[in-house]
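Colleague: Once you've had a glance at the structure underneath, I'll fire off some questions.
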Amino acid sequence: MSKVLLVHAKGGPPLGHVLSRTAAKADVHLLALSALPPSVAGAARTLCASVVTPTEAQRSDLVSLIVAQAGAVGADAVLTFSEYAVVAVAEACEKLGLAGAGGAAALARDKRLMRRTWHEHGVPQPEFRPVVTEADLHEAAEHLPFPLLLKAAWSAGSTAHQIIGSPDELSAAWRRSREVMDESAQLGYAELHVAEANADFVVEQIVTGTAGDWFDEPGWGDYVSVEGVVADGVFRPVCLSGRMPTVEPFTERASITPALLASGDAQDRIVALARRSVDALGLRDCGTHTEIKLGADGAMWLIETAARFGGAMTVPQIEEVFGLDLIGMLVDHLLGRPVEWPAQALTPEQARGAAGSLVVLAVDGKGEAWQDRRIWDAAVAADVPLSPGSELSVVAESSLPDGDVVPVYDPAAGANTMAALCLLSATDPRTVLRDFETLIDALPRVLPAAEPEEVSR
């Protein structure tokens with residue numbers, strides 16, 4: 001049987017889902033750069049032919065570590081689903097002569113390089129400036145209109161995103177973003193291969209999005225993601241996922257598959273822009289996840305493209321709704337086996353119901369902070385009245401243990417302050433959207449109140 005070296009790090013689809021699908025296609029050897037979630041550790045020992053946890057010294061040269069481990073196990077393919085390990089794995093595959101994202105992987109990781117490449121190809125995106133120092137930020141602010149959005153160039157999950165409303169806020173925003181990136185690194189949410197990546201930022205114009213021109217009903221966010229794959233250098237779109245509105249500044253709250261756009265023409269135009277974005281980056285063999293901001297009168301702007309599948313529950317949602325095992329399909333492709341990718345992006349008419357994932361944050365439906373602290377308890381999900389036919393579950397490996405205090409939402413920290421991840425299956429996208437609105441309203445009421453001593457721990 002073929003052998004696959006799977007490089008595990010924080011982020012990406014749930015490890016349990018990835019392991020089971022990969023193990024169905026090949027012998028899996030796991031290189032664990034992050035600790036395995038407790039809920040998955042037992043399954044990993046069963047599903048994997050080997051599990052290796054490198055020392056800090058070994059991790060100092062990550063590409064060499066991956067190359068050596070691939071050679072030791074005789075890997076026929078090497079892959080990762082973590083944003084933070086994408087570049088290292090791509091470089092290792094280049095050295096090993098194996099299929100992978102290719103030498104352009106960094107263009108889909110470093111937001112400065114990504115935006116510069118898109119600018120060279122004339123694709124629509126917000127105006128931007130790269131930033132390495134506080135002085136760079138002040139200089140960039142002289143050329144861009146306020147308000148501005150400051151982003152860490154190598155971050156994920158909206159970490160270290162800050163809206164800057166005036167020149168007086170520049171210095172404080174810079175200090176806070178640097179602090180958040182340092183805090184994220186301590187939590188394991190940081191680039192694993194590029195030295196000093198936490199110091200790289202980009203500042204950009206905030207474009208005005210609108211969902212009204214793209215969706216027939218309220219409640220949808222003003223951006224979508226196009227999920228796909230690049231196979232032998234050819235972009236293969238799979239489907240679109242819609243969103244609920246973000247929490248300030250731009251923290252993602254929910255993803256819903258499929259996106260219920262107002263027309264097929266709208267989907268075609270969005271996919272065409274995603275194709276331009278992926279083609280410009282020059283990726284070779286990898287999953288892709290492209291986020292696009294939607295504006296009035298058909299305007300669109302690229303937010304980002306990643307050389308990996310979407311994180312959270314995006315991949316399980318696609319499998320449930322469209323019956324496509326993207327993990328297994330990508331493994332087959334990397335091993336040189338024939339794969340039948342969709343001829344074009346799948347539509348809501350081809351879906352079997354709908355599915356969505358919700359990030360639990362301590363903010364209500366209007367984006368306001370909960371009035372008091374609450375204790376996370378997955379069992380309360382059963383107490384929330386949902387639509388007939390809807391099923392809600394909590395993703396244990398992406399959630400706090402029951403009994404932990406729900407963190408206060410920190411706009412600068414983004415998804416770092418999430419309490420849990422929920423998966424909802426329903427009859428159609430509208431129902432997922434409405435049930436999520438119900439769940440968001442209910443959680444600060446049904447979760448147990450925290451006692452002062454619990455908060456102070």
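Colleague: Regarding residue 166, is this residue closer than 18 Å to residue 290 by Cα and either within 19 Å of the chain's Cα centre (by Cα) or modelled with pLDDT of 95 or more (or both)?
Modeller: No; evaluated as a whole, the condition is false for this residue.
Colleague: Scanning for something in contact with a His (Cβ under 9 Å, 6 or more places away or on another chain) and part of a helix (DSSP H, G or I), does the range 4-17 turn up at least one residue?
Modeller: Among the residues of the range 4-17, at least one is in contact with a His (Cβ under 9 Å, 6 or more places away or on another chain) and part of a helix (DSSP H, G or I), which makes the answer yes.
Colleague: Continuing with this model, one more query. Test of understanding: among 234, 180, which residue is at negative phi and at pLDDT 95 or above?
Modeller: Within the list 234, 180, the selection yields 234.
Colleague: Could you list, in sequence order, all residues of the range 127-166 that are buried (at least 21 other Cβ atoms within 10 Å of the Cβ), part of a strand (DSSP E or B) and of a type in the set (A, V, I, L, M)?
Modeller: Result: 131, 148, 150, 152, 164.
Colleague: Checking the condition on the phi > 0 side of the Ramachandran plot and not basic (Lys, Arg), which residue from 282, 264 passes? Quick ask: steps written out before the conclusion?
Modeller: On the way: 264 fails: on the phi > 0 side of the Ramachandran plot.
Checking each option against the conditions leaves just 282.
Colleague: Six or more apart or on different chains, Cβ under 9 Å: which pairs go from a residue in the range 180-200 that's in contact (Cβ under 8 Å) with a residue 24 or more places away in the chain to one that's assigned to a helix (DSSP H, G or I) and β-branched (Val, Ile, Thr)? Could you list them?
Modeller: The qualifying pairs are 191/87; 192/87; 193/63; 193/86; 193/87; 193/89; 194/87.
Colleague: I would also like to ask the following. In the range 389-399, which residues are touching a strand residue (DSSP E or B) at 6+ places or on another chain (Cβ under 6 Å) and not polar (S, T, N, Q)?
Modeller: Within the range 389-399, 391, 392, 394, 395 meet the criteria.
Colleague: While we're on this one: Can you go through 37, 13 and tell me which one is closer than 28 Å to residue 422 by Cα and crowded, with 21+ Cβ neighbours inside 10 Å?
Modeller: 13
Colleague: In the same structural domain as residue 250 (by TED's automatic domain parsing), out of contact with any helix residue (DSSP H, G or I) (no Cβ under 8 Å at 6 or more places or on another chain), of a type outside the set (Gly, Ala, Ser) and at pLDDT below 95: does that describe residue 417? Working first, answer last.
Modeller: Details: in the same structural domain as residue 250 (by TED's automatic domain parsing): yes; out of contact with any helix residue (DSSP H, G or I) (no Cβ under 8 Å at 6 or more places or on another chain): yes; of a type outside the set (Gly, Ala, Ser): yes; at pLDDT below 95: yes.
Yes; evaluated as a whole, the condition is true for this residue.
Colleague: Please list, ordered by first then second residue, the pairs with beta carbon atoms under 6 Å, 6 or more apart or interchain, first in the range 406-425 and within 20 Å of residue 439 (Cβ to Cβ), second of a type in the set (D, E, K, R).
Modeller: Sorted first by the residue in the range 406-425, then by its partner, the pairs are 406/374; 417/410; 424/435; 425/391.
Colleague: I'm trying to understand the selection: among the residues of the range 352-380, which are under 21 Å from residue 311 (Cβ atoms) and small (Gly, Ala, Ser)? Walk me through how you get there before you give the answer.
Modeller: Going through the range 352-380, the residues under 21 Å from residue 311 (Cβ atoms) turn out to be 354-363, 376, 378.
Within the range 352-380, 354, 355, 356, 357, 362, 378 qualify.
Colleague: Touching a helix residue (DSSP H, G or I) at 6+ places or on another chain (Cβ under 6 Å) and at pLDDT below 95: does that describe residue 156?
Modeller: The answer is yes for residue 156.
Colleague: Here is a further query. On the basis of being within 28 Å of residue 428 (Cβ to Cβ) and in a loop (DSSP other than H, G, I, E, B), does residue 219 make the cut? Talk me through it step by step, then tell me what you get.
Modeller: Details: within 28 Å of residue 428 (Cβ to Cβ): yes; in a loop (DSSP other than H, G, I, E, B): yes.
Answer is yes for this residue.
Colleague: Say we look at the range 315-374 and pick out the residues that are acidic (Asp, Glu) and in contact with a Lys or Arg (Cβ under 9 Å, 6 or more places away or on another chain); which of these is farthest from residue 448 (Cα to Cα)?
Modeller: Quick first cut of the range 315-374, residues acidic (Asp, Glu) only: 319-320, 325, 332, 340, 349, 364, 368, 372.
Right, trim to in contact with a Lys or Arg (Cβ under 9 Å, 6 or more places away or on another chain) and you get 319-320, 325, 332.
Values: 319: 34, 320: 32, 325: 37, 332: 46 Å.
In this case the residue turns out to be 332.
Colleague: Turning to a different aspect of this structure: Which count do you get for residues in the range 255-300 that are touching a strand residue (DSSP E or B) at 6+ places or on another chain (Cβ under 9 Å), outside any helix (DSSP H, G or I) and among the aliphatic types (A, V, I, L, M)?
Modeller: Of the residues in the range 255-300, 9 are touching a strand residue (DSSP E or B) at 6+ places or on another chain (Cβ under 9 Å), outside any helix (DSSP H, G or I) and among the aliphatic types (A, V, I, L, M).
Results for (1) under 27 Å from residue 425 (Cα atoms); (2) surrounded by fewer than 18 Cβ atoms within 10 Å (Cβ to Cβ), shown as yes or no for each residue.
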| residue | (1), (2) |
| --- | --- |
| 274 | yes, no |
| 277 | no, no |
| 296 | no, yes |
| 306 | yes, no |
| 316 | yes, no |
| 327 | yes, no |
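Colleague: In addition: Out of the residues in the range 262-286 that are more than 19 Å from residue 113 (Cβ to Cβ) and small (Gly, Ala, Ser), which is nearest to the chain's Cα centre (by Cα)?
Modeller: By that ranking, first place goes to 272.
Colleague: Could you please let me know if residue 65 is surrounded by 17 or more Cβ atoms within 10 Å (Cβ to Cβ), part of a helix (DSSP H, G or I) and not small (Gly, Ala, Ser)?
Modeller: Yes; evaluated as a whole, the condition is true for this residue.
Colleague: Kindly indicate whether residue 242 is surrounded by fewer than 23 Cβ atoms within 10 Å (Cβ to Cβ), modelled with pLDDT of 95 or more and either touching a helix residue (DSSP H, G or I) at 6+ places or on another chain (Cβ under 8 Å) or part of a loop (DSSP other than H, G, I, E, B) (or both). Reasoning before the result, please.
Modeller: Working: surrounded by fewer than 23 Cβ atoms within 10 Å (Cβ to Cβ): no; modelled with pLDDT of 95 or more: yes; either touching a helix residue (DSSP H, G or I) at 6+ places or on another chain (Cβ under 8 Å) or part of a loop (DSSP other than H, G, I, E, B) (or both): yes.
Answer is no for this residue.
Colleague: Please tell me if residue 224 is in contact with a helix residue (DSSP H, G or I) (Cβ under 8 Å, 6 or more places away or on another chain), in contact (Cβ under 8 Å) with a residue 60 or more places away in the chain, under 30 Å from residue 90 (Cα atoms) and assigned to a strand (DSSP E or B).
Modeller: yes
Colleague: So, restricting to strands (runs of 3 or more DSSP E) that lie completely within the range 345-445, which ones have at least 3 residues that are surrounded by 16 or more Cβ atoms within 10 Å (Cβ to Cβ) and touching a Ser or Thr at 6+ places or on another chain (Cβ under 7 Å)?
Modeller: The qualifying strands (runs of 3 or more DSSP E) are 354-360, 420-426.
Colleague: Can you name the condition, by its number, that residue 1 falls short on among (1) outside any helix (DSSP H, G or I); (2) touching a residue at least 60 places away in the same chain (Cβ under 8 Å)?
Modeller: (2)
The values are calculated or read from the model by the stated rules, or taken from the named source; none is laboratory data. Remember, it's a predicted structure, so these values are computed and weren't measured experimentally. Reconstructed Cβ throughout: ideal geometry from the backbone, glycine too, with neighbour counts over all protein chains shown.
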